[in-house]
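**Q** One structure, pasted below without further comment.
The values are calculated or read from the model by the stated rules, or taken from the named source; none is laboratory data. Since the structure is predicted, the reported quantities are computational estimates derived from the model, not experimental observations. Glycine also receives a Cβ, built like all others from the backbone with ideal geometry; neighbour counts cover every protein chain displayed.
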Amino acid sequence: MPQLSVIDLAMFLLETPVRPFNIGPLVLLRPPKGARRFADRLLERMLKQEAGPPFNHRLQLSLTRIPSVEPMSGADLAKHVHRITLGGGGSMDELIAKVCELHEALLPREGLLWQFYVIDGLADGRVALYGKVHHGIIDGRSFVQAVTQWFSSDPKDRTVRAMWQGLPPSGSARRTAGHGTGRSNPTAVGAMRDLLKKAAGVGGSTLGLYRMLAAQGRRRLGLGGEALDLPFLDIPDVLSSVASPKRNYAFTTLPLGEVKALGKAADATVNDILLAVLDGALTQHLSAQLQLSNKPLVVDMPVALTGASGGNQIAVLQLAMGRPGSTPRQRLAAIRKETARVKAAVKDNSSETVMLYTTVVHALPTLLERVGLKRPLRVSNLLFSNPFGLAGRCYLMGAEVELALPMSVVAAGQMLNITVVTLADRLQIGLLGIPGAIDHINRLATHIDAAYQELKADLAATEEVPAASTRRASKPRRTTRKAVV
């Protein structure tokens with residue numbers, strides 16, 4: 001089996017009932033006109049497809065070697081694939097409430113590490129598909145590859161594929177062949193000790209971690225350098241609450257082509273534009289909730305790595321956004337500077353070093369949360385991720401994929417996850433939060449739309465973007481689960 005990465009192990013060892021490491025898509029299909037029993041026929045045909053890597057893997061424990069994830073033959077897919085019919089009127093709110101309920105539960109450690117649901121009963125006749133997979137066996141970009149292989153670009157294609165058929169036989173598939181452990185140590189200290197003892201590459205990257213932290217310390221003391229900020233410091237005390245397994249969800253969309261043009265004209269990336277929009281939206285949302293801060297919000301952001309071992313080849317690093325009171329253009333300028341600092345940190349340190357840094361930084365809040373610390377240790381105010389997505393229109397058994405929304409992880413040290421996945425010409429922005437910390441999450445989706453318009457107008461006014469590019473974005477679609485606390 002391939003070497004284990006420290007992040008793979010962390011996702012198993014540090015998982016708790018209030019912090020499940022489930023990721024997956026929520027897909028909405030529009031069946032062809034006249035299609036009868038579409039959900040039943042789709043389920044029947046998908047169940048004929050065998051599971052492929054990493055969806056055919058189970059946790060393997062051993063007394064003589066490092067725990068791993070190994071292929072499981074003869075798995076009964078019927079135990080992992082389920083059929084649900086909504087019964088409360090079939091609204092989007094009801095669908096989101098049901099999917100949040102499913103997303104909150106820990107995946108069983110016996111058998112395959114995923115569950116899949118076919119859901120009908122929506123009032124408008126659409127059919128929903130929701131799959132959740134343990135993040136320890138697949139990263140976001142690899143999941144997008146699996147979803148891409150699942151769908152067809154031809155509306156006349158009636159071939160039925162399944163999410164669990166797995167990744168294509170490429171480097172990405174090899175990366176997900178071996179992962180973490182299946183049993184959490186009962187003590188917080190023991191979990192950290194096992195994590196560091198068993199993960200590959202830790203010994204050689206510990207010195208690099210010390211050097212990375214030393215550079216951050218020198219910057220903190222004003223001694224120069226372009227290192228990242230020290231973790232856990234200067235995190236605004238907003239979007240905070242008691243950890244809970246409950247989740248709420250909302251979404252909106254932005255036009256991809258327009259966002260790309262906006263970034264090109266402002267010499268910024270799509271991620272820079274999105275971060276500036278989210279910064280403005282969160283500022284509006286917090287102001288409406290009377291949660292004010294004199295410090296910039298801090299975001300956790302995954303960065304893809306090359307040459308690392310294990311399934312999740314990422315680092316998750318922190319950056320500050322715009323200062324309170326900034327204009328949209330000033331927010332964008334500050335974010336561009338900070339994202340450049342993150343890229344430099346990845347370039348200047350080995351993949352193993354930044355993965356170890358990621359794990360240690362994110363493990364500490366989990367361990368302290370486990371021992372009952374009343375005031376949580378904050379890593380950031382939110383996590384933002386953009387694993388790209390589906391380049392064109394997609395179909396499954398002739399049904400158009402109208403939405404392919406991301407459902408992700410709210411890890412310890414934060415209360416909000418914002419993940420963006422592309423579908424054809426739209427950027428789908430999924431907001432997953434913990435009620436109490438982020439109430440009225442559907443209003444935050446509305447603030448995203450408003451902040452996008454404000455950024456366009458501000459850049460156009462300063463002649464960084466042609467005025468013609470300020471046409472309105474497509475009307476967003478959003479919903480929310482009612483908060484349960």
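**Q** If we keep just the residues of region 139-186 that are at pLDDT below 90 and among the charged types (D, E, K, R), which is farthest from residue 387 (Cα to Cα)?
**A** Checking each candidate, the answer is 183.
**Q** Also, quick follow-up: For region 274-281, does any single residue satisfy the condition of being assigned by TED's automatic domain parsing to the domain that holds residue 441, in contact with a strand residue (DSSP E or B) (Cβ under 7 Å, 6 or more places away or on another chain) and of a type in the set (Asp, Glu)?
**A** Among the residues of region 274-281, not one is assigned by TED's automatic domain parsing to the domain that holds residue 441, in contact with a strand residue (DSSP E or B) (Cβ under 7 Å, 6 or more places away or on another chain) and of a type in the set (Asp, Glu), which makes the answer no.
**Q** Please tell me if residue 468 is in a loop (DSSP other than H, G, I, E, B) and modelled with pLDDT under 95.
**A** No: the conditions fail for residue 468.
**Q** So in region 239-268, with the set limited to residues that are in a loop (DSSP other than H, G, I, E, B) and basic (Lys, Arg), which one is nearest to residue 409 (Cα to Cα)?
**A** Out of the qualifying residues, it is 247.
**Q** Let me ask something else. Which condition from (1) surrounded by 15 or more Cβ atoms within 10 Å (Cβ to Cβ); (2) farther than 23 Å from residue 408 by Cα is the one that residue 281 breaks?
**A** The number of the failed condition is (2).
**Q** Which number in (1) within 22 Å of the chain's Cα centre (by Cα); (2) under 22 Å from residue 413 (Cα atoms); (3) of a type in the set (Asp, Glu) marks the one condition that residue 272 misses?
**A** In the conditions (1) within 22 Å of the chain's Cα centre (by Cα); (2) under 22 Å from residue 413 (Cα atoms); (3) of a type in the set (Asp, Glu), residue 272 misses (2) alone.
**Q** Additional query: Could you tell me whether residue 372 is within 19 Å of residue 15 (Cα to Cα) and surrounded by fewer than 23 Cβ atoms within 10 Å (Cβ to Cβ)?
**A** For residue 372, the condition - within 19 Å of residue 15 (Cα to Cα) and surrounded by fewer than 23 Cβ atoms within 10 Å (Cβ to Cβ) - is met.
**Q** Sort through 203, 280 and tell me the only one that's over 17 Å from residue 361 (Cβ atoms) and either β-branched (Val, Ile, Thr) or modelled with pLDDT under 90 (or both).
**A** Just a single option satisfies the conditions, and that option is 203.
**Q** Related question: Against the definition (within 18 Å of the chain's Cα centre (by Cα) and assigned to a helix (DSSP H, G or I)), how does residue 278 come out, yes or no?
**A** Yes; evaluated as a whole, the condition is true for this residue.
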